[in-house]
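This report refers to the structure that appears directly beneath it.
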Amino acid sequence: MYIVGLMSGTSLDGIDAALVRVNNTGLKTEIEMIEFITYPFPKDIEKEIMQSLSVETSNVQLICSLNFKLGKLFSDATKEVCEKAGLPIEQLDLIGSHGQTIYHQPLQEQNWVPSTLQIGEPAVIAHDTNTIVISNFRTMDMAAGGQGAPLVPFTEYILYRSETKGRLLQNIGGIGNVTVLPNQASLNDMYAFDTGPGNMIIDEVCRQLFNLRYDEGGKIAKQGLINEELLSYCFSHPYIMSPPPKSTGRELFGRQYVVKLLKMFESLPSQDILATVTMFTAKSIVENYRAYIFPKTKIEEVIIGGGGSYNKTLLEMIQSLLGNSIQVLTQEELGYSSEAKEAVAFALLANETFHGNPSNVPKATGAKNDVILGNITFPPSKSLNLEESIL
């Protein structure tokens with residue numbers, strides 16, 4: 001099957017679209033990534049997403065409209081990645097779209113029940129591409145009592161399990177999340193959780209202080225000094241050392257958090273602030289390992305994916321905190337793409353859903369049971385007998 005996986009994450013750097021060829025399902029899955037692109041958001045759409053993410057600036061009309069606008073952009077990204085690969089859109093079998101998270105409420109807070117909302121209307125994608133779309137992956141896990149995140153552990157088990165090495169799969173997108181793969185692990189042996197901020201605070205500091213979208217290669221942070229008072233304040237956030245299962249997002253570590261931080265420490269040099277929040281991300285990752293992984297699991301490798309894998313300063317900090325007994329690698333060193341990792345994951349999840357297979361990992365999300373993830377949206381001129389396809 002030819003499947004496009006679509007992912008728009010908390011970094012808001014655009015839509016990641018991966019075209020993959022997938023054979024079989026589950027542990028027999030064979031995958032080949034054919035093409036990958038990042039389809040940038042127009043400035044006005046990026047602004048609307050930022051407005052929608054804030055409780056102070058969001059409104060129902062904005063989200064309603066943006067849902068359809070993003071659906072069109074997701075379909076455009078699908079067409080572009082297929083065109084770049086030379087694959088006629090008519091040959092595309094399936095699209096797996098994570099959508100754009102607008103709000104994620106993993107735990108009960110007063111009258112607010114656990115809930116999540118991803119937008120990017122799948123009907124628009126299905127209609128424009130004439131392809132079956134699987135979307136809304138998080139909600140069934142939450143219906144089963146889980147946090148709806150992290151969702152990629154199932155795909156990481158398929159692709160990265162090892163008979164000889166204990167591995168950590170650390171994604172550093174807007175948020176950092178880790179999947180634990182002991183050597184010779186069964187699916188029931190693995191677990192995963194969000195470690196805390198990934199690039200989110202780093203990128204917002206770049207916007208606020210340097211008028212840049214991100215710190216390319218970590219070059220600016222490299223010039224700064226770590227301020228222990230700021231680092232201690234950041235690390236005192238109650239989420240960081242709370243026990244798994246846990247998940248987080250822009251609600252805790254987004255723009256509002258950074259604005260408050262910059263007001264409190266406005267006397268510090270800008271490079272020092274950026275260096276310190278970069279160390280905060282590194283330390284939040286490693287201290288979660290020490291508290292919740294290393295005591296019970298022997299680990300030889302940490303494999304880093306996501307945009308943060310290109311921040312050399314951040315990787316050096318992580319390696320320094322871990323010491324030499326554990327090797328820090330990037331996806332590229334294993335023959336994969338750091339940028340494409342999550343888009344590929346949603347292509348694989350779509351494949352499992354299409355074939356009627358559960359693909360959440362209850363030990364990672366806290367769900368009561370295994371569930372089939374996602375909603376299926378059919379295009380107007382295609383029909384499918386799901387029962388026959390599964391058999």
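The values are calculated or read from the model by the stated rules, or taken from the named source; none is laboratory data. Computed from a predicted structure; not experimentally measured. Cβ placement follows ideal geometry from the backbone for every residue including glycine, while neighbour counts extend to all protein chains displayed. In case anyone asks, the SASA skips ligands and DNA or RNA and just uses the protein heavy atoms, side chains included. Shrake-Rupley method; radii C 1.70, N 1.55, O 1.52, S 1.80 Å.
Of note:
- Sulfur and carbon atoms: percent of accessible area, the range 95-228 [1.4 Å]: 50 percent
- Helix 312-322 axis, angle to the chain major axis (alpha carbon atoms, nearest 10°): 70 degrees
- Greater than 20 Å apart at Cα, pairs in Lys298/Lys363; Lys165/Lys296; Lys47/Lys283; Lys47/Lys219; Lys222/Lys341: Lys47/Lys283; Lys47/Lys219; Lys222/Lys341
- Using Cβ point charges alone (K and R +1, D and E -1), the dipole size of the range 1-63 about the Cα centre works out to roughly 160 debye.
- The range 238-391 - percent of accessible surface contributed by carbon and sulfur, probe 1.4 Å: 52 percent
- Mean separation of Cα contacts under 8 Å, 6 or more apart, over the residue count of the range 1-133: relative contact order %: 27 percent
- Equivalent-ellipsoid semi-axes of the chain, from the Cα gyration tensor, Å, largest first: 32, 25, 20
- Here is the list for the range 179-231: trypsin sites (Lys or Arg not before Pro) lying in DSSP coil, each with at most 15 other C-beta atoms within 10 angstrom of its C-beta, are Arg213.
- If only the Cβ of Lys and Arg carry +1 and only the Cβ of Asp and Glu carry -1, the dipole of the range 1-114 around its Cα centre is close to 120 debye.
- Angle in degrees between helix 270-292 and the longest Cα principal axis of the chain, rounded to the nearest 10: 70 degrees
- What you get for the chain, charging only the Cβ of Lys and Arg (+1) and of Asp and Glu (-1), is a dipole of about 620 debye around the Cα centre.
- Selection from Met50, Asn111, Asn171 lying farthest towards where the dipole of the chain points positive, charges on Cβ: Asn111
- Selected from Gly307, Gly335, Gly323 as most flexible by GNM, with the chain as the system and alpha-carbon contacts under 10 Å: Gly335
- Of the accessible area of the range 18-85, computed with a 1.4 Å probe over protein heavy atoms only, carbon and sulfur atoms account for 53 percent.
- Per residue, the convex hull spanned by the Cα atoms of the range 1-141 amounts to 120 cubic angstrom.
- Length available on full extension from Asp189 to Lys43: 0.36 nm per residue minus the Cα-Cα distance, which gives 48.2 nm.
- When the chain is described by a simple charge dipole with +1 on each Lys and Arg Cβ and -1 on each Asp and Glu Cβ, the residue from Ile132, Gly249, Phe378 located farthest towards its positive end is Gly249.
- For the chain: relative contact order, % (alpha-carbon pairs under 8 angstrom, 6 or more apart): 22 percent
- Listed peptides 177-183, 113-119, 58-64, 267-273 by packing density, highest first (mean Cβ within 10 Å): 177-183, 113-119, 267-273, 58-64
- Taking N as the residue count of the range 204-335, its C-alpha radius of gyration divided by 2.2 N^0.38 Å amounts to 1.08.
- Length-normalised contact order for the range 236-356 - Cα pairs under 8 Å, 6+ apart - percent: 24 percent
- Here, the range 22-88 is characterised by an Rg to Rh ratio of 1.16, where Rg is the alpha-carbon radius of gyration and Rh the Kirkwood radius.
- For the chain, the solvent-accessible area works out to 43 Å² per residue, with a probe of 1.4 Å and every protein chain left in place.
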